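The values are calculated or read from the model by the stated rules, or taken from the named source; none is laboratory data. Everything numeric here is computed off the predicted structure, so don't read it as measured data. Methodologically, a virtual Cβ is constructed for each residue, glycine included, from the backbone with ideal geometry; neighbour enumeration extends over all protein chains shown.
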Amino acid sequence: MHASARNVAWGCDGHLHAEILAGPATQLVEFASAAAAPNILWQGNETLSAHGGGVSLGCPSAMTASVHQSFTTPPAIEAGPLGRWRDITHANAGLAMPLTARSVSWKSESFDVQGWLLLPRDAAGKLPLITIIHGGPAAATVPHFFGPGTDRALLEQGYALFLPNPRGSFGEGEAFTAANVRDLGYGDLRDILAGIDAVERQAPIDPNRLGITGGSYGGFMTMWAVTQTHLFKAGVAAAGISDWLSYYGENGIDEWMIPYFGASVYDDPQIYARSSPIDFIRGAKTPVFEYVGADDIECPAPQTEEFWHALHDLGVPTSYAIYPGEGHGLLDPAHIADAEARTLAWFNRYLK
């Protein structure tokens, strides 16, 4: 399929049902037989979530329930026959996000690639653009409501946001998701840069005020991008990876690495060095702020320290923060607020 199945379960009718991500659209489909194409029961540009799948089935009745949200609609529990839901919770009623969201598609080499462009609703003139790269690597940015936080604050301060789903992401089929195996940072960055070109053709973006950020895989891609191009004028890397060779021995989840790199770092160190930002650090000129949790075992703090140290020694503007007691993603409200303030100040300093 030219899509990715996110959840699979047997339906009340005995048919196989799945929640599918097909480019920008979430689909609920059924497979009546092994030979038949999937029958689309519902689709929309919003995100559905429930325990065990996109919707919860009330077998043998026709009732279903889910939590739904989009970039402009806050989360609510909905219930009813499939596709004919009504909200049964209103805790978030009245919350709004003043943005215009559009799906953007572009061609990158042999691939069809998709992402999201979010524009401040009342913005005027040429806008600074922040590219936000998701974690993963195998994941996808899907429509979700921005509560209080950095992304919302960037929009409120007049930044446009670009959320690409480059090769390695879900949504375009199995070959697309596997296309960054033994190629981390290369084809996926080309997809992102081609996407920025597509965005600039569709919206009033200032090409001289481009920023980049992301966490985990997105943090690695931020570190990688600034060593490969001078297009970005500022970067913020959260829980990034700067050196795949040392990372192999530092992290607590290395089982995922051999499927991506094809061998352990001890058997094929060159494939790891080929995608390590630290090996290309002399090409970096972009000011970068980095932060990470002190107890992060997925993207350990020394990866951030190493990148900061290299930029600092080379005279590139840089700053970093390590938050005590935090793992992979900040949880303490004071730390979250501090990282947000530092991120906004960094982008405002170099892009406003």
Do we find a residue being in the same structural domain as residue 238 (by TED's automatic domain parsing), closer than 19 Å to residue 211 by Cβ, of a type in the set (S, T, N, Q) and part of a helix (DSSP H, G or I) anywhere in region 295-308? yes
Run residue 144 past the list (1) surrounded by fewer than 22 Cβ atoms within 10 Å (Cβ to Cβ); (2) out of contact with any His (no Cβ under 8 Å at 6 or more places or on another chain); (3) under 30 Å from residue 262 (Cβ atoms) and report the number of the one that doesn't hold. (3)
Residues satisfying the stated conditions in region 165-194, i.e. among the small types (Gly, Ala, Ser) and within 14 Å of the chain's Cα centre (by Cα): 168, 169, 171
Quick check on my filter: what residues within region 323-343 are aliphatic (A, V, I, L, M) and surrounded by fewer than 17 Cβ atoms within 10 Å (Cβ to Cβ)? 331, 334, 337, 341
Applying the selection to region 226-242, what residues are of a type outside the set (Val, Ile, Thr), closer than 14 Å to residue 279 by Cα and in contact (Cβ under 8 Å) with a residue 60 or more places away in the chain? 242
Hey, among the residues in region 236-255 that are assigned to a loop (DSSP other than H, G, I, E, B) and of a type in the set (A, V, I, L, M, F, W, C), which one's nearest to residue 345 (Cα to Cα)? 239
Mind checking which residues of region 256-266 are part of a helix (DSSP H, G or I), touching a residue at least 60 places away in the same chain (Cβ under 8 Å) and more than 18 Å from residue 303 (Cβ to Cβ)? 259
